[in-house]
Amino acid sequence: MPIRSKTEPAKVTAGEWLNSGNQLRGLLEGKSLKTNITLIRYVTEVVGEGPSLHVHPYDEIFTITEGRARFTVGDKTIDAAAGDVVLGPANIPHGYQNLGPGRLDSLDIHLSPEWIQYNLASAWDKTSVLISADSKVKTDGS
């Protein structure tokens with residue numbers, strides 16, 4: 001017989017974790033539900049825009065629900081479209097941009113009870129769509 005979970009059923013309403021005022025449309029840390037998964041919803045209409053290069057001390061799973069994105073994960077460039085799933089392994093630099101045309105909507109699953117992120121670059125190179133991680137790191141070494 002399976003061991004019963006210590007976690008109780010719970011509901012978090014859209015109004016409790018989603019917002020439409022910015023690109024980070026939602027953050028639900030797992031610790032609020034006593035679970036080890038954190039959800040982030042990211043949305044942008046701007047081609048070339050997306051989360052800058054960063055790392056987490058845990059794996060992250062990206063699910064593209066609408067649009068297309070170009071990911072940099074370590075030394076790999078991965079193009080993904082609606083329905084695709086991309087894995088960002090722990091401690092490997094990663095980031096992504098909206099390839100367009102139109103809206104990018106992703107639900108990012110962090111395998112951690114809380115969101116821990118170390119940013120490696122402050123902004124995307126706005127002049128072009130991300131080709132490699134090199135475009136995410138400033139030439140002064142920061």
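We did not get these values from a lab; they are worked out from the coordinates using the rules stated. This one's a predicted model, so the numbers in the text were calculated from it and none came from an experiment. Ideal geometry is used to build each Cβ from the backbone, glycine not excepted, and the neighbour counts take in all protein chains shown.
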Given a Förster distance of 22 Å, the FRET efficiency implied by the Cβ-Cβ spacing of Ser32 and Leu87, rounded to the nearest 0.05, works out to 0.35
Calculated FRET efficiency for the pair Glu8/Asp59, C-beta based, R₀ 35 Å, to 0.05: 0.85
Within 11 Å, Cβ to Cβ, of Ile109, how many net charges do the neighbouring residues add up to if Lys/Arg are +1 and Asp/Glu are -1? -2
Full extension between Val46 and Arg103 adds, at 0.36 nm per residue less the Cα distance, a length in nm of 19.8 nm
Note the per residue figure in Å³ for the convex hull of the C-alpha positions in the range 14-77. 113
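Suppose every K and R has +1 on its Cβ and every D and E has -1 on its Cβ; what is the size of the dipole of the range 28-121 about the Cα centre, in Debye to the nearest 20? Write down the numbers at each step before the final one.
Numbers: 7 positive and 12 negative charges, 17 e Å.
Rounded to the nearest 20 debye, it is 80 debye.
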Let me check the size of the range 28-121 from its C-alpha atoms; what are the radius of gyration and Dmax in Å? 12.6, 38
